[in-house]
């Protein structure tokens, strides 16, 4: 029995690895193609053919081409939410949210996200999916705050705090895009990191100059 269970786990592990690899291939192909065709000229059939999968397989992973393109933003925001969840439960909320914005300033997670952010500004459907990613992140953070000792008694405070932090993050992104035109370079990513750090300072000091 134990040998059989081990074989089952091995098969499941292999299947999960293959599934993750296929998902990664689809996402990479979508990004490679959108750089050439632009959002308006890209179709699901293009992505499926480029990734070497069927149209049906594509839809097993993503409901639309936009969903495949905005994965980097979802991963980026999930990373920020994970940083909050890892903070000590007794830590002041504002300090924990500070760590969320610092996580957003992590250069490792910025490059792909900023490219998609720029593309979403030119495509209504992509922008809608991007906004859903931000809303999902907000929901995760608010739910996590409600589990903090004493925090669940004031849901308005939790919603306002999360909304302020994420809106500040988006403001920094918008400012970065207006200055750089979305050009993703090492120098421009350093600028974005500085903007995010600056907006953290505004939050921590109640927006007093």
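The values are calculated or read from the model by the stated rules, or taken from the named source; none is laboratory data. The structure displayed is predicted, hence computed values, not measured ones. We place every Cβ from the backbone using ideal geometry, glycine too, and count neighbours over all the protein chains shown.
At a glance:
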item	result
Complete set of residues in segment 178-187 that are at pLDDT below 85 and assigned to a helix (DSSP H, G or I)	186
Residue within segment 144-156 that is loosely packed, with under 13 Cβ neighbours inside 10 Å, assigned to a helix (DSSP H, G or I), modelled with pLDDT of 85 or more and within 21 Å of the chain's Cα centre (by Cα) present	no
Residue satisfying condition, being closer than 30 Å to residue 204 by Cα, out of contact with any strand residue (DSSP E or B) (no Cβ under 6 Å at 6 or more places or on another chain) and either modelled with pLDDT under 80 or not assigned by TED's automatic domain parsing to the domain that holds residue 168 (or both), within set 16, 99	99
Single residue of segment 123-141 satisfying the filter (closer than 17 Å to residue 84 by Cβ and surrounded by fewer than 17 Cβ atoms within 10 Å (Cβ to Cβ)) that is farthest from the chain's Cα centre (by Cα)	139
Some residue of segment 102-122 being surrounded by 17 or more Cβ atoms within 10 Å (Cβ to Cβ), at pLDDT 85 or above and more than 21 Å from residue 38 (Cβ to Cβ)	no
Residue in segment 109-132 that is in contact with a helix residue (DSSP H, G or I) (Cβ under 6 Å, 6 or more places away or on another chain) and over 24 Å from residue 185 (Cα atoms) present	yes
Qualifying residue in segment 106-125 (condition: over 27 Å from residue 199 (Cβ atoms) and in a helix (DSSP H, G or I))	yes
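Quick grid of which residues meet (1) within 16 Å of residue 98 (Cα to Cα); (2) within 19 Å of the chain's Cα centre (by Cα):
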residue: 158; (1), (2): yes, no
residue: 167; (1), (2): yes, yes
residue: 179; (1), (2): no, no
residue: 190; (1), (2): no, yes
